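Bear in mind these aren't lab numbers, they're just calculated from the coordinates by the rules spelled out. If you're wondering where the values come from, they're calculated on a predicted model, not measured in any experiment. For neighbour counting, all protein chains shown are included, and Cβ atoms are generated from backbone atoms with ideal geometry for every residue, glycine included.
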Amino acid sequence: MATRRKISSKSAPSSPPVSVITGAAGFLGSHLTDLLLAKGHKVVGIDNLVTGSVANIEHLAGNPNFRFIQQDVTEFLFFDGPVNYVWHFASPASPVDYALLPIQTLKVGSLGTHKALGLAKEKGARFLLTSTSEVYGDPLVHPQTEDYWGNVNTIGPRGCYDESKRFAEAITMAYHRQHKLETRIVRIFNTYGPRMRLKDGRVVPAFVSQALRNEPITVFGAGKQTRSFCYCSDLIEGIYRLMMSDYPLPVNIGNPREMTMLEFAREIIAATGSKSKITFKPLPVDDPKQRKPDITLARKLLGWEPQVELADGLARTIEYFRRKI
Ligand code: UDP
């Protein structure tokens, strides 16, 4: 009689990786959820739906590989079973939201990051923090490289977001150094695409919805301030590659194509075929004058750079907003 050979762990079918995503019902969290499910992960999504929306994940209802938990990530996170990756995406992310939710913004970046790190430590999972170009504040170095320490007004209207993310980076590095946790930090620059909230106040939903309604386009200040816009699928691909890399220090992910807000307004008018005129409104306090990522590190480390041209990304975004308006 043939003896049964022990199946070595190498030949045993490996179980799918398990990912926990905080902010899974948000703009970027929901796109990450889709990518990970497509790559064969089991995904547990957490969101308190303060700025996230069930509409962003409703297409996943009934998917056996996706589980949704409505919870505030600043509270203790408990799960049975293994977790391989924790992706901490939860946070308000627009200047209008920071003004409405300054305490929630501070809490999710500080207490929420602490809880998400605690979960990763408990499970021996790898942790990724979504940090932001806002850690550079109103930058005095241009374009922004990861070794720039920033120029942030702690007590201004954006301080709640900027400082919570700076704290989040600090505690992530502390868990890495003290607990030897495997950690990753991405600094996300302006990103756009379907599933942004129509009324979140950010420039892409604002300009596109104004253009689609043929209403005046509200350019703040003289419109000379610059931003660089990355399409969501490019950003999520960069973040995925970073998680799978072995690099624990911050990495910029964004599109280096920089433009003024006046140029951007004209681009949106042309892309939508709108009759809108441009109107000028006061510049918000501490609005960064220029912003453009230096992505040399991401190119070298991850072999990553943006693929989607602004015209193509805008066409997809405009199509989405047309259906929402
Ligand atoms: N902005 C604008 N009109 C708007 C909304 C925003 O001119 O209706 C400008 C804003 O002053 C900033 C840029 O667009 O310079 C990007 O703003 P957003 O709120 O999208 O994000 P930020 O990059 O400032 O965090």
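Neighbouring Cβ atoms within 10 Å as the yardstick, rank Asp72, Asp147 fewest first.
Asp147, Asp72
Can you give the log10 of the normalised intensity I(q)/I(0) at q = 0.07, 0.11, 0.13 Å⁻¹, computed with Debye over equal Cα scatterers of the chain?
For the chain at q = 0.07, 0.11, 0.13 Å⁻¹, log10 I(q)/I(0) is -0.28, -0.68, -0.95.
Please give, to one decimal in nm, the separation of the simple spin-label points placed at Arg266 and Ala315, each 7 Å out from Cα toward the Cβ.
Rounded to a tenth, the inter-label distance reads 2.2 nm.
Based on alpha-carbon positions alone, could you give the equivalent ellipsoid semi-axes of the range 237-293 from the gyration tensor, as √(5λ), descending, whole Å? Provide the component values of the computation, followed by the final result.
Working: eigenvalues 218, 56, 14 Å².
The equivalent ellipsoid of the range 237-293 has semi-axes of 33, 17, 8 Å.
Rank Glu58, Glu146, Glu75 by mean-square fluctuation in a GNM of the chain with C-alpha springs under 10 angstrom and give only the top-ranked residue.
Result: Glu58 has the largest fluctuation of those listed.
Where in the range 71-98 is the amide nitrogen less than 14 Å from a point lying 7 Å along the Cα-to-Cβ axis of Ile155?
Once the point is set 7 Å along Cα→Cβ of Ile155, nothing inside the range 71-98 turns out to lie under 14 Å by backbone N.
Label point 7 Å out from Val96 along Cα-to-Cβ: which residues of the range 217-239 have amide N under 18 Å?
Only 217-221 fall inside the zone, counting backbone N under 18 Å.
Based on DSSP H runs of at least 4 residues, each adding -39500 (n - 2.57), what is the mean residue ellipticity at 222 nm of the chain after dividing by all its residues, to the nearest 500 deg cm²/dmol?
-10500 deg cm²/dmol
From the mean inverse distance of alpha carbon pairs (Kirkwood) and the Cα radius of gyration, derive Rg over Rh for the range 116-170. Intermediate results must be reported in sequence, preceding the final value.
Numbers: Rg = 13.5 Å, Rh = 12.5 Å.
Rounded to two decimals, Rg over Rh is 1.08.
Say the cut-off is 23 Å between C-alpha atoms; which of Lys165/Lys281; Lys42/Lys115; Lys107/Lys224 go over it? Each step should come with its number before you reach the end.
Values: Lys165/Lys281 28 Å; Lys42/Lys115 21 Å; Lys107/Lys224 33 Å.
As for pairs spanning more than 23 Å Cα to Cα, those are Lys165/Lys281; Lys107/Lys224.
Let me spell out the model: positive unit charges on the Cβ of Lys and Arg, negative unit charges on the Cβ of Asp and Glu, origin at the Cα centre of the chain. What dipole size does that give, in debye rounded to 20?
Working: 41 positive and 31 negative charges, 149 e Å.
The calculated dipole for the chain is roughly 720 debye.
If you build a Gaussian network model of the chain, linking Cα atoms that sit under 10 Å apart, which residue out of Gly150, Gly303, Gly223 swings the most?
Checking each option, the largest mean-square fluctuation is seen for Gly303.
Pairs of alpha-carbon atoms within less than 8 angstrom and 6+ residues apart define the contacts here; what relative contact order does the chain have, in percent?
With pairs under 8 Å counted, the relative contact order is 16 percent.
So what's the angle, to the nearest 10 degrees on a 0 to 90 scale, between helix 232-244 and the longest Cα principal axis of the chain?
That works out to roughly 30 degrees.
Against the longest principal axis of the chain, how steep is helix 159-179, in degrees 0 to 90 to the nearest 10, with axes from Cα atoms?
The angle comes out at about 20 degrees.
Compare Tyr148, Tyr161, Tyr231 in a GNM of the chain, Cα atoms joined below 10 Å, and give the one with the largest fluctuation.
Tyr148
Using only Cα atoms, find the angle between the long axis of helix 261-272 and the longest principal axis of the chain, and express it within 0 to 90 degrees, rounded to the nearest 10.
The helix 261-272 is inclined about 80 degrees to the chain.
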